[in-house]
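Derivation of every value follows stated rules applied to the coordinates shown; laboratory data play no part. As the structure is a prediction and not an experimental result, all values here were calculated from the model. A quick note on method: Cβ atoms are made from the backbone with ideal geometry, for glycine too, and the neighbour counts reach across all protein chains shown.
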Ligand code: RRO
């Protein structure tokens, strides 16, 4: 087998292996991105950053579910001006692509933050249009194809870096939003952000999270995320990054077969920071056993049925 069986290039990005740190995990520091890269991640996605600093919601912000976590952090972030310094420093120590996740309350705000992140050295921008807490016209930006297209267009016009759009699973037909993003200029799509959820305490008889509702991640969401990737791959040629419940090589392989070119890992990092290495090793063994020379060869193979 070639030594580069795991390397993959898409949307102007070149990864040594098809695993990435998902946005929202390990915060904002260059040291933590470096630690993740040392654990074998092929790329790192930052927590979402906006134009102004935000403290986020009060605790409790995370609650354990049967097979995952429900969070409502509320976009805590230092703001792009402070974070730009961290991006610059990260670029001096990080040897894998740094993808900066960006959010905003308007297309202009998204474009401003994305431009600053790109100028600071981000290798790509991931647009978080699917955060359950950023609302326009009463819904997430990523639930309205017209607003989504506007945001993607403005950001695309303001940067010269690959543009990834992270989609919400909280929609009736994700391919409608995927189409809007691709037509507006997205170079790749991440599928998906967290599933809207709630946890209620039988003793206090009240919702547990301070924000009442949050987003479910982890093993519980994997079948939904896989279906989203499958649906998008069925209709469009765009590169897809699978996200939702990956914790071992078999999960990752399932996402490749559904049509993803890479996977993001988030919730599983909390249990085992070395998860990137074990997933990569397992995928490599799988490819060898099945006589494939590269991950690229198995992307989308489940669509033969
Ligand atoms: O910060 C959050 O509460 C949060 C964000 Br920005 C997001 O995109 N997804 C999520 O589950 N939580």
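Could you tell me the relative contact order of region 1-105? Use alpha-carbon pairs under 8 Å, at least six residues apart, and round to a whole percent.
Values: 170 pairs, mean separation 32.3, N = 105.
After rounding, I find 31 percent.
Summing -39500 (n - 2.57) over the DSSP H runs of n ≥ 4 in the chain and dividing by its residue number, what mean residue ellipticity at 222 nm do you reach, to the nearest 500 deg cm²/dmol?
Details: 8 runs with 100 residues, N = 305.
For the chain, the value works out to -10500 deg cm²/dmol.
Which of 171, 55 comes first, and how do the rest follow, when ranked by fewest Cβ neighbours within 10 Å?
55, 171
When the convex hull of the Cα atoms of region 242-286 is projected onto a plane and the area is averaged over all directions, what value comes out in nm²? All intermediate terms of the calculation are to be shown ahead of the outcome.
Working: hull surface 10.7 nm².
Spelled out: convex hull of the Cα atoms, projected over all directions, averaged, 2.7 nm².
For region 166-220, what relative contact order do you get, as a whole percent, if you take Cα pairs closer than 8 Å and at least 6 residues apart? All intermediate terms of the calculation are to be shown ahead of the outcome.
Details: 59 pairs, mean separation 17.6, N = 55.
Computed value for region 166-220: 32 percent relative contact order.
For the chain, report the translational diffusion coefficient in µm²/s to the nearest whole number, using Stokes-Einstein at 25 °C, 0.890 mPa s, and a Kirkwood Rh over Cα pairs.
Values: Rh = 19.1 Å.
Calculated translational D: 129 µm²/s.
Quick check on region 20-125: take the gyration tensor over C-alpha atoms, sort the square-rooted eigenvalues as a ≥ b ≥ c, and tell me if it's rounded (a/c under 1.5), prolate or oblate. Provide the component values of the computation, followed by the final result.
Numbers: a/c = 1.97, a/b = 1.13, b/c = 1.74.
Oblate.
Kindly put 175, 46, 190 in sequence by how many other C-beta atoms sit within 10 Å of each C-beta, fewest to most.
Numbers: 175 17, 46 28, 190 31.
The fewest-first ordering by Cβ neighbours comes to 175, 46, 190.
So for each of 12-19, 74-81, 195-202 I average, over its residues, the number of other beta carbons within 10 Å; can you give me the resulting order with the highest mean first?
Values: 12-19: 21.1, 74-81: 18.6, 195-202: 14.6.
In descending order of packing, they fall as 12-19, 74-81, 195-202.
Could you tell me the relative contact order of the chain? Use alpha-carbon pairs under 8 Å, at least six residues apart, and round to a whole percent. Walk me through the numbers before you get to the answer.
Values: 724 pairs, mean separation 59.2, N = 305.
Value for the chain: 19 percent.
Quick check: from the Cα gyration tensor, does region 208-258 come out rounded (a/c under 1.5), prolate or oblate? Don't skip to the answer; put the middle values down first.
Numbers: a/c = 3.26, a/b = 1.73, b/c = 1.88.
Note, shape of region 208-258 comes out oblate.
Using a ≥ b ≥ c from the Cα gyration tensor of region 178-305 (square roots of the eigenvalues), is it rounded, prolate or oblate, where a/c under 1.5 gives rounded and otherwise the larger of a/b and b/c decides, a/b for prolate?
On the way: a/c = 2.57, a/b = 1.48, b/c = 1.75.
Cα axes put region 178-305 in the oblate bin.
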